Amino acid sequence: MASIDPSLALEILVRGPEGFCLWNGPPFSNGQPGIKIEKVPSSNAKFSEDGSRLMVMKSDSVISIYDCRSSKEIRSFQVPNVAAANLSPCGNFFQTFQKSSTPQDKNVNLWKIETGDSVYNHFQKNMTTATWPSIRFSSDEAVACRLATNEIQFFDAQDFSKGVVYRLRVPGVAAIELSKAPGSHVAVFIPESKGVPASIQIFSCGKDSQSQPIARRSFFRCSTVQLKWNRGSSGLLVVVQSDVDKTNQSYYGESKLNYLTTDGTYEGVVSLRKEGPVHDVQWSYSGSEFAVVYGFMPARATVFDKKCNPLLELGIGPYNTIRWNPKGKFLCLAGFGNLPGDMAFWDYKEKRQLGTTKAEWSVTSEWSPDGRYFMTATTAPRLQVDNGIKIFHHNGSLYFKKMFDKLYQVDWKPESPDKYPEIVELIKSIDSLKVEDTKPQGQGSKSSQASTKVTSNNPPAQKPAAYRPPHAKNVAAVQAELFGESPQEAMSKNALKNKKKREKQKEKKAAEAGGGS
């Protein structure tokens, strides 16, 4: 096998009932992953956004921090009654939420990992998707803020001892989303109130330029929103969800996709070519395009540019998930959840489909940081049976499969896609890597096809046969007898044996009758 640069090696976190372990990622030696960290008892584990640190929640309210380069535990914290914990993007801080009964108990703490000290704390009544993590960081941890009542509070990310350094007053604000790279803007959601429509507003994070929003979009019939910033912080996609569909076409309500830019060039609804809900939307790594899966089933998928012009139609099918390769070259279009698991792999640059396959009952799915592999997993508690991991090549051919009695979590270790070679070099490197064939229960599969081949190596999935009751199993043989036919190939062994017995009995009776006369 070709040697792999250690700095470019992939890693996979796998957590089950006995704890988590860390695998060496593909390509695997002899078809099996190597173990980098043996099983460690834990109830949860999470990488930092840059992959430098790993936070592990253990029993007895112990939280351990691992350095991912050395794979060693660097610090441990004892946090009583901890309900949730979150690691900052660069792994310098982590925050905890503890169960509390009185406002006097400051139950949210921000810890500095290097010193082990709590650098900031405050009281938070409950924990929801809108309020957790409580303190939001930009990807470089240069900007930090939190949502408070009718305002957004900003901190000095280098020195939290200063407390809140400035506040942005936004009456009625219910949710915020800080842009990640760079942390230059913050989007806020204000729900409907007393006849005033709901709105999305974008503010600059600079202290001197926060008085007025630089972009705004209002709409009625809005229950919840999803806010998605692009890389570069120049565009914001907003999925607006209403609990009630006034057209009565959907039991699950209706949804619309809105788009706002920080330079004011676009504020409006993205024009979609099919009626129905917005199932999924994702920005490309470059932040210049986004892909949307939308419409009543069978759903349609389209790639748009930053001006909402359609660039590529990905077809129609049973899809509700879109995953964009970190290098921006490949796309995976899939139907998971209550759909049968169809997957279609596309080369966006060459605008052609590479292959199709299936991954039934998948709960999670994601591309590897180098953009070469696509991993799906069936995990508990969503599904209690058929738990396992599947890893596919970029063209949809199956590379690896492993089943588990119980599997809780599977994650790639995050890495910056910029550190890996371009896709053309990656494709060439696939041809040079040989993986030995193993038995099906060994979970390895041979990948001898060139990576540039556009069809999947998987055989087509067989449809389950219809149920046939026991009395109907020999119906073909019975019909043959009734119509005077004798297709022995259609008869079972027992039916053929019984037929021969009946023929002998007839011959015997005929001989006896002849002798008597």
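The values are calculated or read from the model by the stated rules, or taken from the named source; none is laboratory data. Note that the coordinates shown come from a computational prediction; the quantities given were computed from them, not determined experimentally. When we count neighbours, we look across all protein chains shown, and the Cβ atoms used for this are built from the backbone with ideal geometry, even at glycine. Quick note on the areas: whole protein, heavy atoms, side chains included, nothing else; ligands and nucleic acids left out. Shrake-Rupley method; radii C 1.70, N 1.55, O 1.52, S 1.80 Å.
The table that follows gives values for the structure above.
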| item | result |
| --- | --- |
| Partners for Lys406 among aspartates and glutamates (Cα-Cα distance below 13 Å; same-chain residues under 8 apart left out) | Glu18, Asp386 |
| Net charge dipole size for the range 85-220 [Lys, Arg +1 and Asp, Glu -1 on Cβ; Debye, nearest 20] | 440 |
| Entries in Lys125/Lys413; Lys358/Lys402; Lys99/Lys207; Lys106/Lys207; Lys46/Lys390 that, when Cα-Cα distance is taken, lie over 25 Å | Lys125/Lys413; Lys99/Lys207; Lys106/Lys207 |
| Backbone HN-Hα couplings from phi across the range 181-191 [Karplus 6.51/-1.76/1.60, Hz, Gly and Pro as x] | 9, x, x, 8, 9, 10, 9, 10, 10, 10, x |
| Rounded percent of accessible protein surface that carbon and sulfur make up, the range 1-160, 1.4 Å probe | 46 |
| Rounded to whole Å, sorted largest first: equivalent-ellipsoid semi-axes of the range 1-72, Cα gyration tensor | 24, 14, 8 |
| Eligible aspartates and glutamates near Lys508 by straight Cα distance, threshold 13 Å, same-chain separation 8 or greater | none |
| Rg(Cα)/(2.2 N^0.38 Å) for the range 77-131, N = residue count | 1.10 |
| In nm, spacing of pseudo-spin labels at Lys106 and Asn30 (7 Å Cα→C-beta vector) | 5.5 |
| All aspartates and glutamates inside 13 Å of Lys504 as judged from Cα atoms, apart from same-chain residues fewer than 8 positions distant | Glu512 |
| Full-extension gain in nm, Ser76 to Lys207, via 0.36 nm per residue minus C-alpha separation | 43.5 nm |
| Length added when fully stretched, Lys162-Thr149, from 0.36 nm per residue minus Cα-Cα | 2.7 nm |
